[in-house]
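A.B. asks: Let me begin by handing over the structure; questions about it come next.
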Amino acid sequence: MKTLNVDLGERSYPIYIGRQLLAEPQFYHSHIRGSQVLVVSNETVAPLYLNAVRQALSGYKLDEVILPDGEQYKTLDVLNQVFDGLLSHQHNRSTTLLALGGGVVGDMTGFAAACYQRGVDFIQVPTTLLSQVDSSVGGKTAVNHSLGKNMIGAFHQPRCVIADTDTLETLPERELSAGLAEVIKYGLICDQPFFDWLETNIESLMARDPEALAYAIEQSCHDKAHIVAQDEKESGIRAILNLGHTFGHAIETHQGYGEWLHGEAVATGMLMAADLSRRLGWISALDVERLQRLLSKARLPIVGPAQMSDHDYVSRMQVDKKVLDGRLRLVLLKSIGQALVTGEVPEAALLETLADYRDC
Ligand code: NAD
Ligand code: GLY
């Protein structure tokens, strides 16, 4: 078992990463202040892992809300089910919400915790690779709007993150790949040795080798915690964690939530960002090829949807949290291992990239 720390002063918290953590009371107890806990999960994850959590929390007054499964349910409307559960079971301000599931459950539970009685505690128990390496760490919580992804949300840090890597054994292959997109992201934005390691170890990761997965999760959480500690609310460096996301969110929103997985859209978006960086003379064609090869080995898409026009991209990309005074800002690459945010993106170069990465 490995413990990392997200260093945020009085809001600091540990990330526990290891095997067989789910049913162990010790990882939860010191992070729960009151006697009430509301577990939020979904109809896929609850049958697999809720019993283990019940076992760990047997001493608490435990209530449960089971949400429908899917990105299309990450809405304000469905979020009301969590508030219904909290109010009907009379949870007070010392309650703790516990998110058991992937990034959708984690983002929704965190947002509910940020809002309920103006803010209560919550714990992240991520069960997908994507949520273990990214969404459970850093305190971004949100729901989607039909016009824009994650547009309604709050920064609200969890009390701890409990990442039981054994849960990845039941994860569908497509979801494993989606998680690897965010893992690859860390290598690209801030950790060139990790990118090199990923190139060498991608086959082991795809085969779910426990040691390789544990290392990838630890290194990803280490990189994310380091960035979040410098810029909790994204007024600067944290924006680099969104490499590929402006393109990716446009694809997810355009296609209809759930059609493309978040990690799949991010993978294609990262390749587009890399290609645009090459057009600006920052990275080489060889670097772009390296990324394309790695994404392909992770069985991730490397072109956007055929039917998505330039206008579809550009209009969706304008609904992005990085847009400032109407100006599009993108995360691009100076080199593998070094990202930056720029508002200086020539439209012609952007359109060339969109044309070159359209499925045909
Ligand atoms: P997800 O939550 O939809 O989970 C993927 C699928 O796997 C779901 O069907 C889920 O029920 C199932 N599942 C979960 N754990 C399982 C397990 N152990 N075994 C079998 N099936 C399992 O998707 P995700 O990829 O985990 O998260 C994507 C979401 O995270 C998106 O909404 C994205 O916007 C958000 N996100 C947030 C942040 C953040 O910083 N808050 C960062 C990245 C992504
Ligand atoms: N996934 C982007 C962030 O946490 O900032």
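A.B. asks: Hey, could you check region 140-152 for residues that are more than 8 Å from ligand 1 (Cβ to nearest atom) and of a type outside the set (A, V, I, L, M) and say which is modelled with the lowest pLDDT?
C.D. replies: Going through region 140-152, the residues more than 8 Å from ligand 1 (Cβ to nearest atom) turn out to be 143, 145-148, 151-152.
Pick out the ones that are also of a type outside the set (A, V, I, L, M) and you get 145-146, 148.
Numbers: H145: 95, S146: 91, G148: 87.
Once the filter is applied, the top-ranked residue is G148.
A.B. asks: Hey, any hits in region 231-247 for a residue that's touching a strand residue (DSSP E or B) at 6+ places or on another chain (Cβ under 8 Å) and basic (K, R)?
C.D. replies: Scanning region 231-247 turns up at least one residue that is touching a strand residue (DSSP E or B) at 6+ places or on another chain (Cβ under 8 Å) and basic (K, R).
A.B. asks: While we're looking at this one, here's another question. Mind counting the residues in region 194-214 that are in contact (Cβ under 8 Å) with a residue 24 or more places away in the chain and closer than 16 Å to R290 by Cα?
C.D. replies: Number satisfying all stated conditions: 6.
A.B. asks: Let me ask another. Would you please list the contacts, defined by Cβ atoms under 7 Å and residues six or more apart or on different chains, that run from a residue in region 288-316 that is more than 19 Å from A181 (Cβ to Cβ) to a residue that is among the acidic types (D, E)?
C.D. replies: What qualifies is A306/D359.
A.B. asks: Looking only at strands (runs of 3 or more DSSP E) that fall completely inside region 35-103, which ones have 3 or more residues that are modelled with pLDDT of 95 or more and more than 14 Å from A113 (Cβ to Cβ)?
C.D. replies: Numbers: elements: 36-42, 61-67, 96-101.
So the answer is 61-67.
A.B. asks: With the condition kept exactly as written, say whether any residue in region 65-74 is within 16 Å of ligand 1 (Cβ to nearest atom), in contact with an Asp or Glu (Cβ under 7 Å, 6 or more places away or on another chain), open to solvent by 10 Å² or more (accessible area, probe 1.4 Å) and among the aliphatic types (A, V, I, L, M). Break it down stepwise before answering.
C.D. replies: As a first pass, look at region 65-74 and keep what is within 16 Å of ligand 1 (Cβ to nearest atom): 65-74.
From the residues that got through so far, the ones that are in contact with an Asp or Glu (Cβ under 7 Å, 6 or more places away or on another chain) too are 66, 68-69, 74.
This time we only want the ones that are open to solvent by 10 Å² or more (accessible area, probe 1.4 Å), so: 66, 68-69.
Now narrow it down to the ones that are among the aliphatic types (A, V, I, L, M): 66.
Within region 65-74, one or more residues are within 16 Å of ligand 1 (Cβ to nearest atom), in contact with an Asp or Glu (Cβ under 7 Å, 6 or more places away or on another chain), open to solvent by 10 Å² or more (accessible area, probe 1.4 Å) and among the aliphatic types (A, V, I, L, M).
A.B. asks: Still on this structure, please answer the following. Name the single residue that is nearest to ligand 2 (Cβ to nearest atom) among those in region 216-268 being at positive phi and surrounded by fewer than 22 Cβ atoms within 10 Å (Cβ to Cβ). Outline the logic, then answer.
C.D. replies: Taking region 216-268 and keeping what is at positive phi, we get 234, 244, 256, 258.
Applying the additional criterion that residues be surrounded by fewer than 22 Cβ atoms within 10 Å (Cβ to Cβ) yields 234, 256, 258.
Values: E234: 6, G256: 21, G258: 19 Å.
Among residues in region 216-268 that are at positive phi and surrounded by fewer than 22 Cβ atoms within 10 Å (Cβ to Cβ), the one nearest to ligand 2 (Cβ to nearest atom) is E234.
A.B. asks: Of all residues being touching a Lys or Arg at 6+ places or on another chain (Cβ under 8 Å) and not in a helix (DSSP H, G or I) in region 104-132, which is surrounded by the fewest Cβ atoms within 10 Å (Cβ to Cβ)? Just the residue, please.
C.D. replies: Across region 104-132, the extreme among qualifying residues is D121.
A.B. asks: Would you say E175 is within 13 Å of the chain's Cα centre (by Cα), among the charged types (D, E, K, R) and either open to solvent by 20 Å² or more (accessible area, probe 1.4 Å) or within 15 Å of ligand 2 (Cβ to nearest atom) (or both)?
C.D. replies: yes
A.B. asks: Does L168 count as open to solvent by less than 10 Å² (accessible area, probe 1.4 Å), near ligand 1 (Cβ under 10 Å from one of its atoms), among the hydrophobic types (A, V, I, L, M, F, W, C) and more than 15 Å from the chain's Cα centre (by Cα)?
C.D. replies: Numbers: open to solvent by less than 10 Å² (accessible area, probe 1.4 Å): yes; near ligand 1 (Cβ under 10 Å from one of its atoms): yes; among the hydrophobic types (A, V, I, L, M, F, W, C): yes; more than 15 Å from the chain's Cα centre (by Cα): yes.
So L168 fits the description; yes.
A.B. asks: Then there is this: Surrounded by fewer than 19 Cβ atoms within 10 Å (Cβ to Cβ), of a type outside the set (D, E) and in contact with a Ser or Thr (Cβ under 9 Å, 6 or more places away or on another chain), is that true of P210? Give the derivation first.
C.D. replies: Details: surrounded by fewer than 19 Cβ atoms within 10 Å (Cβ to Cβ): yes; of a type outside the set (D, E): yes; in contact with a Ser or Thr (Cβ under 9 Å, 6 or more places away or on another chain): yes.
In short, yes.
The values are calculated or read from the model by the stated rules, or taken from the named source; none is laboratory data. No experiment lies behind these values; they were computed from the predicted model shown. All Cβ positions, even for glycine, are placed from backbone atoms using ideal geometry, and neighbour counts span all protein chains on display. Heavy atoms of the whole protein, side chains included, go into the accessibility calculation; ligands, DNA and RNA do not. Shrake-Rupley method; radii C 1.70, N 1.55, O 1.52, S 1.80 Å.
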